[in-house]
Amino acid sequence: MANVKIRDLRKSFGSVGVVHGVDLDIEDGEFVVFVGPSGCGKTTLLRMIAGLDDITDGTVEIGGTVVNDVAPSRRGVAMVFQTYALYPHMTVYKNMAFGLKQAKTPKDEIDRLVRAAAEVLQITDYLDRSPKNLSGGQRQRVAIGRAIVRAPEVFLFDEPLSNLDAALRVQTRIEIARLHERLGTTMIYVTHDQVEAMTLADRIVVLRDGQIEQVGVPMALYERPQNMFVAQFIGSPKMNFFRNSDIDAGSRARFNHETTLGVRPEHLRICDQEPALVSGRLELIEQFGEYALAYLITDEGTEFTVKLDLPPFDYVGKRMSFDTSIQLMHTFDTKTGERIRQQGIQRG
Amino acid sequence: MNDTQRALWSERAAITAAWVAGILMFFPIFWMALTSFKTELEAIAVPPTIIFDPTLENFSLIQERTDYTGFAWNSIITSVGGTALAMAIAVPAAYAMAFFPGRRTKDVLLWMLSTKMLPAVGVLMPIYLISQKLGLLDTRIVLVVIYAMINLPIVIWLLFTYFREIPKEILEASRMDGTSTFNEIVEIVIPLSWGGVASTALLSIVLLWNEAFWSINLTSSDAGTLTALVASFSSPEGLFWSKLSAVSTAACAPIVVLGWFCQKQLVQGLTFGAVK
């Protein structure tokens with residue numbers, strides 16, 4: 001087991017910079033999720049830790065050793081790829097044994113390790129099958145098994161669930177969480193799905209354009225996003241933003257035009273009394289069973305979403321008003337997008 | 001005519017065209033094989049005789065007058081040896097270009113192929129003289145080396161296209177597993193593109209088996225291949241059609257049989273990736 005230290009890590013392909021100076025400390029045994037939109041550099045960052053991409057500048061330290069010039073197999077890391085990347089011409093057993101065989105591990109030791117890992121992942125019955133005769137979920141487990149047998153100090157996951165269907169994704173997500181519980185190994189997990197990030201991570205690293213936007217425990221990112229990007233990226237459906245002019249005339253919330261107000265859809269509630277915080281015309285309702293999403297538009301043309309327990313079908317096309325408590329309001333500098341302290345709002 | 005009928009007719013037309021092309025290509029071989037069982041008189045008869053008493057006389061004559069097995073053995077050694085040498089050089093070359101391409105990789109590939117545009121006779125003199133100086137004239141070694149060189153561009157090119165089909169992640173996974181470059185090629189790359197590698201080797205053997213220019217010019221009795229044997233039948237003794245046909249049939253029979261057995265591999269390899 002090992003910690004990972006990243007110092008001013010940079011990567012450019014030719015003249016195009018992809019990662020622009022990332023600093024990060026990952027504790028021993030921690031589950032860290034890199035999340036961000038596609039092209040944000042999260043996979044490149046992971047590949048630099050793995051040793052699959054060269055480091056342009058900066059250092060990666062695993063367990064106290066700088067590994068910039070250490071071969072991938074000697075960094076004590078194992079990786080699970082998005083496409084599983086199983087060896088199609090080998091059986092499941094051979095797939096899992098391959099790395100050990102390369103390391104010249106004795107045969108009976110290989111057998112013991114492979115069977116132990118297969119037991120953990122419940123793939124013992126498939127050991128003699130070839131990957132093409134397995135389902136997506138089974139293949140994913142073999143890929144994880146191949147990583148486990150090498151007893152790495154750090155596990156790297158590159159969007160491991162994105163090729164699975166929705167139901168299997170949830171199931172495998174839980175299995176990965178259990179695996180972390182059981183092994184206690186440091187894990188670094190890349191995803192573009194904020195739900196995976198929220199549910200799996202000890203800490204989330206939000207990346208954009210090759211830079212870290214915010215690092216924190218999931219609830220800290222949800223409750224106190226550092227900027228508008230993180231505010232919209234974490235949480236589903238994404239946070240609503242209102243300008244000063246969107247706010248109802250009589251509202252108690254007052255802020256100047258240089259400030260943007262953010263309220264999560266689940267924190268707005270229907271308000272019958274005047275003045276409310278914000279009003280809009282109800283355009284569309286999406287019914288999810290246990291809740292419904294209402295899509296509205298303010299007089300100023302700002303779209304916003306509200307999460308409600310009961311779908312207000314009677315109100316489609318009509319005006320509705322909403323309010324929230326001051327603790328659930330977020331304020332951001334409109335120009336820079338950075339969070340500003342809530343003193344920006346005055347209650348009248 | 002409705003759409004279904006039109007589709008049916010165009011299908012029939014395509015099938016007919018394929019048969020015509022196939023027969024046109026096969027006919028000379030068929031005629032050669034047929035002539036080899038005729039007497040010399042029947043062979044030059046006009047109009048040609050289709051029904052005749054087949055004789056094996058020509059074949060026994062070849063075996064008596066010449067050392068057919070010796071030439072055949074030379075053909076096997078030079079074509080297989082040349083292919084093996086070419087593969088030994090081409091596999092690492094294609095691996096490097098497919099998985100670690102540089103900015104000029106495409107140019108290098110094109111340049112390699114462009115060497116095939118050079119007429120062989122253009123370099124006959126220097127190669128002949130070098131072989132002579134090295135004492136390699138009429139040896140199998142010189143043919144193996146030359147054969148490997150002349151097939152190298154096409155072998156590299158084919159292997160490159162097959163290797164490129166291998167998903168990069170699989171090689172990265174093997175690198176994470178700690179394979180050496182050699183093991184990566186032997187245990188991952190070659191097994192994964194086995195169809196392509198095998199068909200490339202087969203194609204190379206076929207091309208070298210039929211190669212005549214270099215074997216006629218650089219060898220005679222000791223290292224002569226079957227193509228040199230066929231050539232020797234055509235010129236000095238005048239044209240004896242049935243004997244020439246017999247020696248040609250005997251020369252191409254082994255490779256036809258090999259091709260027949262490897263048909264599935266060949267077709268699979270040459271259309272590899274085309275339907276994915």
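The values are calculated or read from the model by the stated rules, or taken from the named source; none is laboratory data. Quick caveat, the model's predicted, so the values are computed rather than measured. FYI the Cβ positions are ideal-geometry reconstructions off the backbone, even for glycines, and counts take in every protein chain you see.
Scanning segment B:110-124 for residues that are loosely packed, with under 10 Cβ neighbours inside 10 Å and assigned to a helix (DSSP H, G or I) yields B:Met117, B:Val121, B:Gly122. Any residue in segment A:79-102 that is in a strand (DSSP E or B) and touching a residue at least 24 places away in the same chain (Cβ under 8 Å)? Yes: segment A:79-102 contains one or more residues that are in a strand (DSSP E or B) and touching a residue at least 24 places away in the same chain (Cβ under 8 Å). One residue stands out in segment B:143-184 among those that are surrounded by fewer than 23 Cβ atoms within 10 Å (Cβ to Cβ) and of a type in the set (D, E, K, R): the one that is farthest from A:Pro131 (Cα to Cα), namely B:Arg164. The set of residues from segment A:121-167 being without any contact (Cβ under 8 Å) to a residue 24 or more places away in the chain and under 22 Å from the mean Cα position of the chain (by Cα) comprises A:Ala166, A:Ala167.
For A:Gly41, indicate whether it is buried (at least 20 other Cβ atoms within 10 Å of the Cβ), away from every other protein chain (no Cβ under 13 Å) and more than 29 Å from B:Phe182 (Cβ to Cβ). Yes. Determine whether segment B:96-109 contains at least one residue that is surrounded by 10 or more Cβ atoms within 10 Å (Cβ to Cβ), outside any loop (DSSP other than H, G, I, E, B) and in contact with a Leu (Cβ under 7 Å, 6 or more places away or on another chain). Yes, segment B:96-109 has at least one match.
Restricting attention to segment A:308-333, which residues are surrounded by fewer than 18 Cβ atoms within 10 Å (Cβ to Cβ) and within 27 Å of the chain's Cα centre (by Cα)? Reasoning before the result, please.
Just the residues of segment A:308-333 that are surrounded by fewer than 18 Cβ atoms within 10 Å (Cβ to Cβ), to begin with: A:309-319, A:325-328, A:333.
Matches in segment A:308-333: A:Asp309, A:Gln327, A:Leu328, A:Asp333.
For segment A:191-234, a residue qualifies if it is surrounded by fewer than 18 Cβ atoms within 10 Å (Cβ to Cβ), more than 29 Å from A:Thr83 (Cα to Cα) and in contact (Cβ under 8 Å) with a residue 24 or more places away in the chain, and exactly one does: A:Arg224. Does A:Gly21 satisfy being closer than 24 Å to A:Ile212 by Cα, within 14 Å of another protein chain (Cβ to nearest Cβ) and surrounded by fewer than 17 Cβ atoms within 10 Å (Cβ to Cβ)? Criteria not met by A:Gly21. Summed over segment B:161-188, residues that are facing chain A (nearest Cβ under 10 Å), part of a helix (DSSP H, G or I) and out of contact with any Lys or Arg (no Cβ under 8 Å at 6 or more places or on another chain) total 11. Tell me which residues, restricted to segment A:309-337, are among the basic types (Lys, Arg) and either more than 30 Å from A:Asn256 (Cβ to Cβ) or not assigned by TED's automatic domain parsing to the domain that holds A:Arg269 (or both). Of everything in segment A:309-337, just one residue is among the basic types (Lys, Arg) and either more than 30 Å from A:Asn256 (Cβ to Cβ) or not assigned by TED's automatic domain parsing to the domain that holds A:Arg269 (or both), namely A:Lys318. Is it the case that segment A:76-89 has a residue that's at pLDDT below 95, under 18 Å from A:His192 (Cβ atoms), in contact with a helix residue (DSSP H, G or I) (Cβ under 8 Å, 6 or more places away or on another chain) and more than 10 Å from chain B (Cβ to nearest Cβ)? Within segment A:76-89 (the criterion being at pLDDT below 95, under 18 Å from A:His192 (Cβ atoms), in contact with a helix residue (DSSP H, G or I) (Cβ under 8 Å, 6 or more places away or on another chain) and more than 10 Å from chain B (Cβ to nearest Cβ)), the answer is no, since none of the residues qualifies.
Of the helices (runs of 4 or more DSSP H) entirely within segment A:169-279, those holding at least 3 residues that are within 30 Å of A:Gln122 (Cα to Cα) occupy A:194-200.
So that you can scan it fast, the table gives a plain yes or no per residue for (1) of a type outside the set (D, E, K, R); (2) in contact with a helix residue (DSSP H, G or I) (Cβ under 6 Å, 6 or more places away or on another chain); (3) modelled with pLDDT under 95:
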{"residue": "A:Ala167", "(1), (2), (3)": "yes, no, yes"}
{"residue": "A:Arg178", "(1), (2), (3)": "no, no, yes"}
{"residue": "A:Gln226", "(1), (2), (3)": "yes, no, yes"}
{"residue": "A:Ile234", "(1), (2), (3)": "yes, yes, yes"}
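Checking each residue of segment A:290-313 against the condition of being closer than 21 Å to A:Met228 by Cβ, among the small types (Gly, Ala, Ser) and part of a loop (DSSP other than H, G, I, E, B) gives at least one match.
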